[in-house]
Structure formats: structure tokens, C-alpha cells
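The values are calculated or read from the model by the stated rules, or taken from the named source; none is laboratory data. Computed from a prediction, not measured in an experiment: that's the story for all the values here. A quick note on method: Cβ atoms are made from the backbone with ideal geometry, for glycine too, and the neighbour counts reach across all protein chains shown. Calculation scope for accessible area: heavy atoms of the full protein, side chains included, ligands and nucleic acids excluded. Shrake-Rupley method; radii C 1.70, N 1.55, O 1.52, S 1.80 Å.
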There are 2 protein chains.
Amino acid sequence: MLVERAREGDARAVARLITLVESGDEVLPELAAALAPHTGRARVVGLTGSPGVGKSTTTNELVRALRAQGHRVGVLAVDPSSPYTGGAILGDRVRMQDHATDPGVYIRSMSSRGHLGGLSAATPQAVRVLEGAGCDVVLIETVGVGQAEVEVASLADTTLVLLAPGMGDAIQAVKAGILEIADVFVVNKADRDGADATYRDIQGMIGLGERGPGEWRPQVVRAVAARGEGIDDIVTAVDKHGGWLVEHGELRRRREARAAAEIEAIALGVLRARMGSLREGTGLAALAGRVAAGQLDPYAAARQLLDDLAVD
Amino acid sequence: MLVERAREGDARAVARLITLVESGDEVLPELAAALAPHTGRARVVGLTGSPGVGKSTTTNELVRALRAQGHRVGVLAVDPSSPYTGGAILGDRVRMQDHATDPGVYIRSMSSRGHLGGLSAATPQAVRVLEGAGCDVVLIETVGVGQAEVEVASLADTTLVLLAPGMGDAIQAVKAGILEIADVFVVNKADRDGADATYRDIQGMIGLGERGPGEWRPQVVRAVAARGEGIDDIVTAVDKHGGWLVEHGELRRRREARAAAEIEAIALGVLRARMGSLREGTGLAALAGRVAAGQLDPYAAARQLLDDLAVD
């Protein structure tokens, strides 16, 4: 069984499982059932930011630091903007060659391709595959700024948002709603002009947010990932946030909310697929014909369609 | 009854009905049932293009020309980019004041606000309201370029895409997938520099598309809407396309496909709302807790959720 081989550390089995997850293969429910007992323990860290901000470099250095602490690390590089092309962003082989021969690291680019629930359903399942393979930390790296990114970042326990000086990122972050999802900000390339201004900007915006007692105040860390500087500070901030999550019951709350969203996404995907197959048969086509002719209203038709869906 | 008053030409009743459609009111299924017998006959014309291309002016002139032919005309100005703000784009009062006192014209800006199925479900229902009120032509005007626009434009029998010289629109149109949905291109502001180049560009791109025998070849019309020039040519092109639609059985095919999409959107909206109410109760929350704890896989949970949904 693939799941057993993945659990024994077979990298090819892990890769194959994630491919199955991406493509929304029919065996997915079976795989998910086999994986479930081994999941729910890994810490999931999201890492996001605009192109050019240094995400890959930072991820690379974070993997190094986490490996030095003895963690087994999985990396999912997710491209929400390209749902169709497999392999996403950069090929796995060219990504982070530093860790290519380390058996304690799994690195994988992914896209949503055919998955019924889209990337937001495929990603947590891919995280479970990595957990099943023994990873106790999973990094999810996403590209770009926008709703899809916010969605994917929200799959993490702790979300890192990377900024760089002079990119107007602080303002962009507010616009894109990233301020709400960031637990830790990293001002990368902190040796460049304007780093102090970016640091102050983001601190200022964090200060404007209203927070109740015991609420998390986003940390801001300076780093020069390309030289390995500030990486330990990032790890410390992530650990601190992890402690806060547990202490306030927030880890459990977040994970349950994520599981609920995932279940919904899968369920809607299943229903959409069923509607598709009704379209092939007579059901939906016949209803649509009557609606188009003014013989039936679309709400009544939707009701009938839902009745048909329940019979299976 | 509102529907009866709308059928008698009461403009306030029409406005109220569209507001109900926008907001996804609970009485919608009942209204839709009352409207259904009066629908399926109006010609629906979509009109889209980048901001500044002259959509409002062109719509205004088209309404004038169609009124001169004795049609009763409805106009829906749809803003796909702002799902939350009611009233959309411009207030109805400032829009097309030329026709403000004409009882044969209904003009309405709309957004999707609370509608379960989003704009793509709300718009066809608003079209039915206008049909119910006696409109035999309905113009749907959409703003901007992008997926939402393509979606809304696809609700029409005939889609007009407006271009203007020197805006790089031809290239944009290809990128945004608009080339596939356009039945008639209008090169507006045709008295400006670059109009000939735009005309040639778009003709060239149309020429590149493969077409089977009997397939529609998109028409390209030049216009200066602000001076009322070329409007009759647009109407002629729309009529020609209308004739083609009927002749090739394409009108019925398009309308049935649209009705199918609409029924699906409503059905999915209903299901999403039901899932939301399950979230309030114990169902989804309990399942999510078990998935988060690794006691259940999300596919099995989705199956249980769907079983719960069917029982109501």
C-alpha cells in the first residue's frame, strides 16, 4: 500500500500520494481514511508574500534551521493562480537543492488541477500525506497576493507574511486583507534602504488594530534570508505563536474551523460532480429545457434537482 | 401582488422586484413561479468592455434606436466587481436621463449582494422581472474585464464587446477570453486616431479563429456613439445574429445551457446555506472536531454531511 510505503519514508510513495491528491483521484477517500489516524499532530506554517520578496530563500533557510532542531520537515509550494498546470511555480528538482539529498525533508510544488474542492481542499489533504510520512512541521509557501493566497494561508496554524523594503508591501498587505491573517511579519532584505520605514509602517498598522486582552499581537522580525540572518528570530516567533495557540485553545479552534471548511469544500465538490452527471443524463437537461421555455421557474427546478441528488 | 402590478407597467413594482432578486429574499421562489409563464420570449443582449470605452453612451443610443422600432426595453447595468454595495456603478437616476420619463424603458443598476447564487443567478432572474413587465429586449451592461464579466456576458443571447482605439483592447480581449464570447465587436470612438488599426487587429484575430460551416463569424461594427453614428449598424448586426441563432437552433441551445447553469447555481447556493445552518447546530462542528483530531477523514465527514443535508 502506498500509505504504508510513505510511512516507511519512501519519497516516491509520498510524491505519488500528493499527485493523487492534486488530481482528485477516485481513490482519495480510501487514502484519506488510511492517513487519518496519523494526522492532526504536525505544526502547519504558512509563508506568503509578493513575488520577489524572498519566499523560496526564506523557506530554504527555515528548513535548515528546523532540521538542525531535529524536525522532519515537509514543504508545499502552492500556486493558487494556476489551477491547471501541474508542477506549479518551479519544478521540484530546481527548488531548494540544498535539501535534495536529505531524507528528513519532503519538498513539493502543487496546484489544484482536477481536485473537486480546489486548492483549499487539496492542500490540507497534501499536508496529511506529509504528516503520514512523519513530518512534524509542514511549511506551505504561496505566491502572489490576493484572495486565493489568503485562503491558502488560512490553512496554516501560523502564517508568516514576508515583506521587503520599498515595495509598498505594507499598503498592499492591508488592501489584500493579509494584515488580518498574518501572525508574524518578516521584513526580509532588511539590509536594504527603506527597511526601517517598512518595519515602522507595519508596526504602525499593527498598533492600529484593536485587540482584546489575551489576543495575539503580530510579531515583526527583520531578516536577510540570503545570508541566513534573522532565521532563528523567525523560528522563535513561530514557536512563541505556537505556544500562544495552545495556551488559548486557539490551535484546536483554528483546526476545527479549517476542518469544517474542508469538509464543506469536499461536499460541495461532490455535489457539483453529481450535478454534472445529472447533466449528462436527463435530469438537469430536462429541467433546463422547461425553465428556458418558461414552463418552470429556476427555484422549483433547483428543488427538483436537489431531490434527484439525494437519491443515489 | 407585486408581479401583477409590474405586469401592468408599475415602475415601482418592477424596481421593488429587482431589489428582492438582488437581495436573495425568501419570497424569491414564489415570485419566480409567478413570473415563469411570462418569460422566455425577450431577446437578451449583453454589452461589455473596459471602463471608458463608451458603454453607457452606446447603451443609451441603442435604447433610443430600439424604442424607435417600437420595442419595450429593459436595461440592467451590472457591476460584477462589487458584490456588496447596492445600487452599483451609478445611481439609476443619473443613468441615461434621456429615457427617464419614457414608460417603455426600465433602467436598473444591480449588484449581487446577498443572492445565494451570486450575480450569475441574480441576473437572469432580474431579466425575467423585466420580461414580466413587458420588455421584449433586455440589455445587460457589465463593467470591467475579467472572469465575472465573461460570466455575466454569457447570460445574453447576443454579446456585444466594445473596444476603443489605442487602448490595447484587442489584446486584452484575447487575454480575458472575451474573443470567445463576443458575437459582435463595436469599435467605438471610431473617429479617433488608431481606430483603423483597432478594426484591423480585431478582424485579424477573428480571422485566426477556426470555424465550422454554419458557425457564426463575429461581426465588427464602427461607431461614434456620442454622435449617434453607427448605432443602426449595431442594431442590424444584433438582428443578424438573432436570425442566425434561431436558424441554427442555437437560441434554444444557449438558453437551455444558461438555465442549467442557473439551476445549478441556485441549488449550490441552497446547499451552502444548509451547510451554514448545520454549522450552527451540532452536525458540521462535531464532524470537524473529529477530522481535526485525526479520528475521521474529511471525505467520510463530507459523506456524512451530505447524508445530513438530504434529511430535511
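Of everything listed in (1) open to solvent by 10 Å² or more (accessible area, probe 1.4 Å); (2) at pLDDT below 70; (3) in a helix (DSSP H, G or I), the single unmet condition for B:R113 is (3). Do we find that B:L305 is closer than 25 Å to A:E256 by Cβ, at pLDDT below 90 and within 9 Å of chain A (Cβ to nearest Cβ) in this structure? Yes: the conditions hold for B:L305. For the structure I just gave you, tell me whether A:R290 is farther than 22 Å from B:L284 by Cα and either free of Cβ contacts under 8 Å to residues at least 12 places away in the same chain or surrounded by 22 or more Cβ atoms within 10 Å (Cβ to Cβ) (or both). Taking the combined requirement at face value, the residue satisfies it. The residue of segment A:66-109 that is modelled with the lowest pLDDT, among those that are surrounded by fewer than 16 Cβ atoms within 10 Å (Cβ to Cβ) and closer than 18 Å to A:G228 by Cα, is A:Q97. The condition of being open to solvent by less than 40 Å² (accessible area, probe 1.4 Å), at pLDDT below 85, more than 7 Å from every other protein chain (Cβ to nearest Cβ) and under 30 Å from B:L162 (Cα atoms) holds for only one of B:A265, B:A237, B:A223, that being B:A265. Of the residues making up segment B:253-262, those that are more than 7 Å from chain A (Cβ to nearest Cβ) and of a type in the set (D, E, K, R) are B:R253, B:R254, B:R258.
Scanning segment B:268-283 for residues that are more than 30 Å from B:R128 (Cα to Cα) and facing another protein chain (nearest Cβ under 8 Å) gives a single hit, B:R279. One residue alone among A:A273, A:A237, A:A288, A:A302 is part of a helix (DSSP H, G or I) and assigned by TED's automatic domain parsing to the domain that holds A:R43, and that residue is A:A237. Taking the criterion of being basic (K, R) and within 14 Å of another protein chain (Cβ to nearest Cβ), no residue of segment B:44-59 qualifies. Here B:A34 meets the list (1) modelled with pLDDT under 85; (2) surrounded by fewer than 22 Cβ atoms within 10 Å (Cβ to Cβ); (3) hydrophobic (A, V, I, L, M, F, W, C) almost entirely, failing just condition (1).
When A:A300, A:A286 are checked against the criterion of being aliphatic (A, V, I, L, M) and more than 7 Å from chain B (Cβ to nearest Cβ), a single residue qualifies: A:A286. Restricting attention to segment A:37-62, the residues being buried (at least 23 other Cβ atoms within 10 Å of the Cβ) and basic (K, R) number 1. Within 30 Å of A:G249 (Cα to Cα), free of Cβ contacts under 8 Å to residues at least 24 places away in the same chain, open to solvent by 30 Å² or more (accessible area, probe 1.4 Å) and more than 7 Å from chain A (Cβ to nearest Cβ): is that true of B:E247 in this structure? The answer is no for B:E247. Within segment B:35-68, the set of residues being small (G, A, S) and more than 17 Å from B:T123 (Cα to Cα) comprises B:G49, B:S50, B:G52, B:G54, B:S56, B:A65, B:A68. On the given criteria, is A:R303 in contact (Cβ under 8 Å) with a residue 40 or more places away in the chain and open to solvent by 40 Å² or more (accessible area, probe 1.4 Å)? Judged against the criteria, A:R303 is not a match.
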